[in-house]
1. What percentages make up the Cα-Cα pair-distance distribution of the range A:76-147 when the bins are 5 Å wide from 0?
2. Tell me the net charge near B:Thr112. Cut-off is 9 Å between Cβ atoms, B:Thr112 excluded, with +1 for each Lys or Arg and -1 for each Asp or Glu.
3. Which whole number in µm²/s is D for the range A:286-336 by Stokes-Einstein, with the Kirkwood Rh taken over Cα pairs at 10 °C and 1.306 mPa s?
4. How large is the accessible surface of B:Ile120 in square angstrom, using a 1.4 angstrom probe and rounding to the nearest 10?
5. What's the local net charge at A:Leu358, with K and R +1, D and E -1, over the other residues with C-beta under 11 Å away?
6. So what's the convex hull volume per residue for the Cα atoms of the range B:32-308, in Å³?
7. If all Cα-Cα distances of the range A:81-219 are sorted into 10 Å bins from 0 onward, what percent lands in each bin, rounded to whole numbers?
8. For chain B, what are the DSSP H helices with axial Cα length of 30 Å or more and mean Kyte-Doolittle hydropathy of at least 1.6?
Amino acid sequence: MARILRSRPALLWLALIAVFAVVAASCGDDGDSGGEQALEPAAADQPAPEPAPDEGDDMAPAAPDVGEEMDDPEPAVSEEPFQVAYLSASSANTWLLSSRLEMQAVAAANNIEITEFDAQFDPGLQTTQFQDAIASGAYDGVILVAIAGIASAPDIEAAIAAGMEVVVLNQVVGEDYTTSEPQVPGVSANVMAAPFVNGKRLGELTVRACAELDPCEVVYIYGIKGLPIDDAARAGLDEVIAAYPAITIVAEGEGQYLGPEGGINATQDILQVAPDFDVLVGADQSVQGAEIVLTDEGKLDQVRLVGWGGSVPAIEGIAAGRWFGGVFGAPGDEGRIAMEAMVSALTGGPDFGGVDPLADLPDNGLVTADNVDLFTPQWDG
Amino acid sequence: MMAQVLPAARRYGIAVVTVALFGLLAATTDGFLSQANFRNILDQQSALLIAASFATITMIAGGFDISAASVFVVAPLFALQVENATGSAGLALVVGVAVGLVVGVANGLVVTALKVNSFIATLATSFMVFGAGFLISDRSVLRASTDAYPAIARTRWWGITTGAWIAAGVVAVAWILLSRTRFGRHVYAVGGNAEAARLAGVHVARVKTVAFALAGAAAGLAGVVSSSRTLSALPSDDFSFVFGVIAAVVVGGTSIAGGEGAVWRTIAGAFFIALMINGFNLHQVDPIWQRVIQGAVILAAVSIDSWTQRRPT
């Protein structure tokens, strides 16, 4: 038999595959082992989610009411820490790094241990990590920054079916880019500013930047055109400016999201076809690049820059008067709220549902010279 | 007449195509034929030209260097840490180039001493270098603390940025090195037939290692120039820079198999792609369609060049 297998490698591989299949089938479904630990304590004895402050830099949306006491008065805090898998799109991303730091602080205060999985922006890797986390039975909950959008829905459903609590952070999991509401049934919280809504915020700032200008020529720089979040944001902006016929988009570019270089190149080329535009709108990285070019060309005073992200350069630029304004970005708040939602879910508290971290910020998260002092940047850009 | 034209077309196919594209854009595109636009193109291509000119040498020598992307990203992170700590842009520049040189030497030794395929070896070193970038920067954006660092690439001499002047100098060095020195002749020999070169007395391992080292140093310099241009550096896993470099080299007509090519071809290839993108942007072609058309045009250009080089005179 051995001689036959050695002389027929294909048969050897088939035999190995067959053995693997039998072993895999015999393992069975072990989905209950991780879930039961998670849902013991009563909500009343758990740290409640923080209420929203009236003013200040770290404003958080109002937490949902805790509600009535639970019927089963189990010990408030399990002696064993809760285990939460944090499926990050990329551990090296500066935005998500800010989220992670805030997440860790909340977790540490609530007897939760986080295991981070770095998908390195690889959708296939994230799927593998998600499925491994479910199969391991080791986690009570998962916080997901989805790379593949709606393609993550089956894994989310599997996690919920396995008794895990799921919180979605920062990225849309679904087909609707206009809402922060969870789009997969059973998700405890969906913490993100919907791209279309952020686009409308950009549109409002564009309208303000174009005030008293007729016509007002606007340059729009995508991050990556064709990316659903980019297209949704642009749709939101278009919806707002449609009511202002004086405002026209005279040129477009693509800046990517990896630093100012894309914005530099796009702005250099755009100036050759549209040398006298009034407003430039784009993600913070692209606007940084635009600022460099406009400064070199001596045109910074003629153009009103509108950014998206609320990064350190954006807030500094607005405070210094070099930028007109920007839509704030709150990765720290996103991470904090996501973990607070997980705490609530794990301790029998109410689901947070859809949470837009910018909704309760001053002026709906629109940063201008008038209110820039109320904002503290939460990421480097 | 045709007997004279066709051989020239064969040899200089990519240059002919690039000049033709230039003419087409000049005739059809508002804003193309201006000093400002040409200065912009030179500025935009400066980092790529620096890296691609020495990547050409590596490829002619029979090597494939994927790590140019990681060096491009990470070298300026080291450079900016030095600049922030010492206030010296000059020292930062030296450190950035040195980082690339070290990586290049390591690549060369892995390929020659350990006999690892160059694609695999440089892919592996890429991951290590990218990781080092996240560590050295603590996963943060680094920015220049002095005015001298941005001045490396953003000072203007006769209207052209110093980044572009640096690129011109590097291209010239690479061109002379490859076409006018014994080392250059050895590069062609090693890439054409390493065994024959060895039998002829060429130190194959040394030639390859030097080629990788120079390519690494050039990628480090390209990274510093780029970060000077953008006033910052950001750790990432982004491989896109090396795709741009390889595209310029291959579109220019340098053979992936080794033994054939030239620096001037890479320059022509780089400018062909740059002119095409510039034309797209000036015509405001949808970025989505830019991707499709760019790929098709590159394929056509490479096919034409390949065909002209295969046909007998």
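1. 4, 17, 27, 23, 18, 9, 3, 1
2. +3
3. Using the Kirkwood radius from Cα pairs, D works out to 140 µm²/s.
4. 90
5. Numbers: positive: A:Arg201; negative: A:Asp333, A:Glu334, A:Asp356, A:Asp360, A:Asp363.
With Lys, Arg at +1 and Asp, Glu at -1, the net is -4.
6. Value for the range B:32-308: 133 Å³ per residue.
7. Histogramming the range A:81-219 at 10 Å steps yields 12, 37, 29, 11, 7, 3, 0 percent.
8. In chain B, the long hydrophobic H runs are B:89-112.
The values are calculated or read from the model by the stated rules, or taken from the named source; none is laboratory data. All values reported here derive from a predicted model rather than from experimental measurement. Backbone-built Cβ (ideal geometry, glycine too); neighbour counts: all protein chains shown. Quick note on the areas: whole protein, heavy atoms, side chains included, nothing else; ligands and nucleic acids left out. Shrake-Rupley method; radii C 1.70, N 1.55, O 1.52, S 1.80 Å.
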